[in-house]
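Step one of this worksheet: look at the structure below.
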Amino acid sequence: MPVEIKDMTFDKVASGPVSVRVYQGADYAKGAPVLLYFHGGAFTQSGLTHCPLAECIAGTGAIVAVPNYNEGGVFPRPLEAGFSIFSYLAKKRAGLGDRKSLLLIGGEEAGGNVAAGVALKARDHFADELDGQVLLSPLLDPFMATPSFRKADAIGMHDRWTDGWNHYLSGGVCHPYAAPSMCSRLSGLAPALIISSEDDPLLDEGLGYAASLRAADVKVQQLVLPAGTGWPTIYSGTPNGAEHWAGVVADRFAGFVHTISTA
């Protein structure tokens, strides 16, 4: 499905006006799911840039809003900005979708961390408003100690992630909202779709979080793409093959939406 892209501003967000890039399928239907999507960038990227994953997901008929949430970049500001935007969409929808639209949050890499943190806070404050979370190679472990993380040097991301974590946690706080992999209370969270790949340095963080969610009786769907699909390039790693992930990811997202809409 062709995707239309437009920039707009959410004027009435509690944390202040937020610029947003919206991706939506040209033929999206009434009641189309709305996905609030946080871009990656190792906790340091801000501004509106093109997001291939948002475009991919919008091609399924979803409406994907990618906000400039990361001004400042030090926890808890990105998390609080993300939660304020979620709260705004939960109440007003900002002209995106309608009251029958599912409301999901998601993100890639550092954005996946923020999405997971917002899901935790949403559980604590808006338990019935969030329908699902979509975590794409979420960056969740500030200790960076998993076996798969050893691949980070090979794609030039180890130092960037080290610097990113140091920046994000430089306020001196390591709250569970900042490092969801360390959270001991996961029950009651919205259903999750977690996607990674066999050659992804963040694979083990996603697998571990999925296992913890399942242990807490959270519904989880999981996809691990084969090596060589180009998946690690979603967070600006060195290209590792052709980008063959788009069709599979789109299909899995559509299946996830169908599952939670009929649950």
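A short reminder: the numbers here are calculations on the coordinates, not readings from a lab. Quantities reported herein were computed from a predicted structural model and do not represent experimental measurements. Cβ sites come from the backbone with ideal geometry, for glycine too, and all protein chains shown count toward neighbours.
Values computed for the structure shown
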quantity: Ascending count of other beta-carbon atoms within 10 Å, so fewest first, for K100, K151; calculated: K100, K151
quantity: Under-5 Å amide H pairs with T60, H placed in peptide plane, nonlocal only; calculated: none
quantity: Volume per residue of the C-alpha convex hull in the range 3-262, rounded to whole Å³; calculated: 110
quantity: Lys, Arg +1 and Asp, Glu -1 on Cβ, resulting dipole of the range 167-253 about Cα centre, debye, nearest 20; calculated: 360
quantity: Check: the range 88-211 dipole with +1 on Lys, Arg Cβ and -1 on Asp, Glu Cβ, in debye; calculated: 660
quantity: For L102, residues with placed amide H under 5 Å, excluding near neighbours; calculated: V34
quantity: Whole-Hz couplings from phi, Karplus 6.51/-1.76/1.60, listed for the range 175-182; x for Gly and Pro; calculated: 6, x, 5, 8, 9, x, 5, 9
quantity: Ranked F75, F10, criterion: other C-beta atoms within 10 Å, fewest first; calculated: F10, F75
quantity: Antiparallel DSSP beta bridges within the chain, as percent of all bridges there, nearest 5; calculated: 35
quantity: For Y23, Y69, order by how many other beta-carbon atoms lie within 10 Å, fewest first; calculated: Y23, Y69
quantity: For the range 66-141, alpha-carbon Rg over 2.2 N^0.38 Å; calculated: 1.04
quantity: Across K6/K151; K121/K151; K12/K121, pairs whose alpha-carbon gap is larger than 29 Å; calculated: K6/K151; K121/K151
quantity: Per-residue ³J(HN,Hα) for the range 8-25, Karplus 6.51 cos²θ - 1.76 cosθ + 1.60, θ = phi - 60°, Hz, x for Gly and Pro; calculated: 8, 10, 8, 7, 10, 6, 4, 7, x, x, 10, 7, 9, 9, 10, 10, 8, x
quantity: Calculated from backbone phi, Karplus (6.51, -1.76, 1.60) coupling profile of the range 213-220 in Hz, x at Gly/Pro; calculated: 5, 4, 4, 9, 6, 8, 6, 10
quantity: Overall Cα dimensions of the range 123-263 - principal axes, largest extent first, Å; calculated: 41, 41, 21
quantity: Other-chain or far-sequence residues with amide H under 5 Å of I194's (modelled H); calculated: L135, Q221, Q222, L223
quantity: Residue-averaged 222 nm ellipticity for the chain, from DSSP H runs of 4+ at -39500 (n - 2.57), nearest 500; calculated: -9500 deg cm²/dmol
quantity: Candidate aspartates and glutamates - alpha carbon under 19 Å from K92, same-chain residues fewer than 8 apart omitted; calculated: D7, D11, E80, D128, E129, D131
